[in-house]
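Comments concern the structure below.
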Amino acid sequence: MTVQPIVVSELVKEYSGRGKKITALKGISFSVNEGEIVGVLGPNGAGKTTLCLILSGLLEPTKGTAYIMGEDIRKLRRKACEKYVALYLAEYTQWSLNPRIPALKYLVMVGAIDCIKGDLKRKAETALKKVGLWEWRNEWPSRFSTGMKRKLLLAAMLMYDFPILILDEPTVHLDPASCVEVWKAIKAIASEGRTVLLTTQNMEEAEYLCDRIIFLHKGSIIASGSPEYFKTLVSRYEKISLKVRPLKPEFKKTLERLDGVLRVRAEDTTLILEAQKNTVKPATLIDLASQFNVKILSMSYERPSLSEVFRILLKGDRKWD
Amino acid sequence: MLWFASFINYWYNLKAYKSEFVSLAARCVISIVVYYFWGYSIVYQKGIQSYGTESPLGFILSGILLAEFMGFRWAFSLHVQTFYHVFSRPVSPHLQVLREWFVFNMTHIIPFEIIPCALLIVATQRLNIRPEALLVFLTLSTLLCLGQHFMEVGATFVFKKERPILFVFEVLEEFSGRAFPITILPEAAQQILSFYPPTWAYLVWRKVLFAGMSVTDLEFLIFSAASLIMFLLGLVVFRAGVNKIYREGLVL
């Protein structure tokens, strides 16, 4: 029988101290299959890093547990990082990159320091090719762009030969071009059949990389499914852009009260309505505008981006059915 | 392989930054000058006979030598900020500390600080050393140093604060007999410092070098016990700190 690499069961994590109590995870459950890339998506403070630390055995859950390769993480503790999990924490790992040694030798050194068995040079070469840094193997990381440095750190994780990779915000603070470079590297790593759990705030990243997306907000899973499922979510909404003159606050307030309208925001002279599909008709908007002596200069109906839909879900703070 | 790889790293550091040689040499010279001018006047005033030598220079140089040997722990990578990085590696944190101790000692401290200082002592002082006492002292002071490091790091993990904890240890070490005899301090401070193992290390170290102290002397036995207790206590505090961060994380 194949063991699921990651099984999370009713996981709760509470931080307490100095008179404060914060519940970072509120009884979440999910599992990750072998070779799957699962993205945990959520805003700051959603509990993503806490989840990564618990799954790596570096943080004790308050209630519930998780199983890594069938072993209880409460018993496994830090041994998870010795046996199964390669953890990448953007916030903590970047400093470790030694800039004064060629990339290839840096990887060999990482392998030696971390007591990795096997032909380290060959492993380092394979890892560099995998993440697309082979041409820069003799260059110092100090000459690398931030994106390339991240890729080198991902290559270092490949040295471990572990079945599970946990990546905490691997592209945070990167420009779009560097993000794409790192995404390609992660794709290449995942193609080896490793199980990858990555956290991100970037919807596009989750859509590009993941087989499944879990949307975490304030410690709870509010949506979960494949990227295709999330695309169908998008199709339930529409974004209506109204360029008006003048922009009257009372007109905006009236629009907010319309059935099906979830949010109205103003950008210069344009009002952007986020609404459930087919609930707000153009005629209704024109009638309302004339009541308020507002002239509509242009009107367009668009499909919202996934990020915009998540903003709507977050605002509602509710589980999506 | 483990050590070899670490040396590769160091070699590349040197290759890339020749100024590292210069900075190390400058550090060595500056530390001697500072210790000499700071310690010398006090030493002359109060006398240093209780440390087994009558030479102020010998007193200061031996202080520098042991201080450099004990002080290398500041270069270890295990801190609150790096906790998750160190603990997420597939090797034991203890092994990582030992590796750093070995590599840093071999590459930075021994060639650039300890050897020049030792040569100066040999050239300028009359030594009276029992080899077995020196060997036992070095072994125990290594344990003491590691124990102190584990204790400092463990304490910073327990309190999740680095600066105040390290400041306390730094102050204790400053007054433990490194640059001047503790006899110049008030009686109460001397009493407190007698519970701080490095105080015994500085006392015994000089007696081993200059007064031919044997391992069976009472002060040596006290130092031995203090070092072993420091090492074991360090491991206990470190474990407590690690468990605390495991339970509570670094938040709050």
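We did not get these values from a lab; they are worked out from the coordinates using the rules stated. Predicted, not measured: the structure shown is a model, and the values here were computed from it. Please note: Cβ atoms are built from the backbone with ideal geometry, for glycine as well, and neighbour counts cover all protein chains shown.
Just a few scattered comments:
- Taken residue by residue and averaged, Cβ atoms of other chains lying within 10 Å of the Cβ of A:10-22 number 2.
- Where a label projected 7 Å from the Cα of B:PHE167 along Cα→Cβ would reach, residues of region B:123-152 with amide N under 11 Å: none
- Per-residue mean of foreign Cβ neighbours for A:110-117 is 6 (Cβ atoms of other chains, 10 Å radius).
- Relative contact order [Cα under 8 Å, 6+ residues apart], chain A, whole percent: 18 percent
- Within 10 Å of each Cβ in A:77-89, the average number of Cβ atoms from other chains: 3
- Applying 1/(1 + (r/R0)^6) with R0 = 45 Å to the Cβ-Cβ distance of A:ASN293 and A:ILE22 gives a FRET efficiency near 0.35.
- Inter-label distance for A:GLU256 and A:GLU204, nm, one decimal - labels placed 7 Å from Cα along Cα-to-Cβ: 3.0 nm
- Computed helical MRE - 222 nm, chain A, DSSP H runs ≥ 4 contributing -39500 (n - 2.57), nearest 500: -10500 deg cm²/dmol
- Of all lysines in the structure, those lying under 19 Å Cα to Cα from B:LYS244, and not within fewer than 8 positions of it along the same chain, are A:LYS13, A:LYS20, A:LYS21, A:LYS63, A:LYS75, A:LYS79, B:LYS160, B:LYS161.
- Cβ-Cβ FRET estimate between A:TYR301 and A:LYS79, R0 fixed at 56 Å, reported to 0.05: 0.50
- With a cut-off of 13 Å between beta carbons, the residues surrounding A:VAL85 carry a summed charge of +2, where Lys and Arg count +1 and Asp and Glu -1.
- Cα-centre dipole for region A:237-316 with unit charges at Cβ (Lys and Arg positive, Asp and Glu negative), debye to 20: 80 debye
- Counting 0.36 nm for each residue step from B:GLU219 to B:ARG247 and taking away their Cα separation leaves a gain of 6.0 nm.
- At an R0 of 45 angstrom, the distance between the Cβ atoms of A:SER29 and B:ALA189 translates into a FRET efficiency of 0.15.
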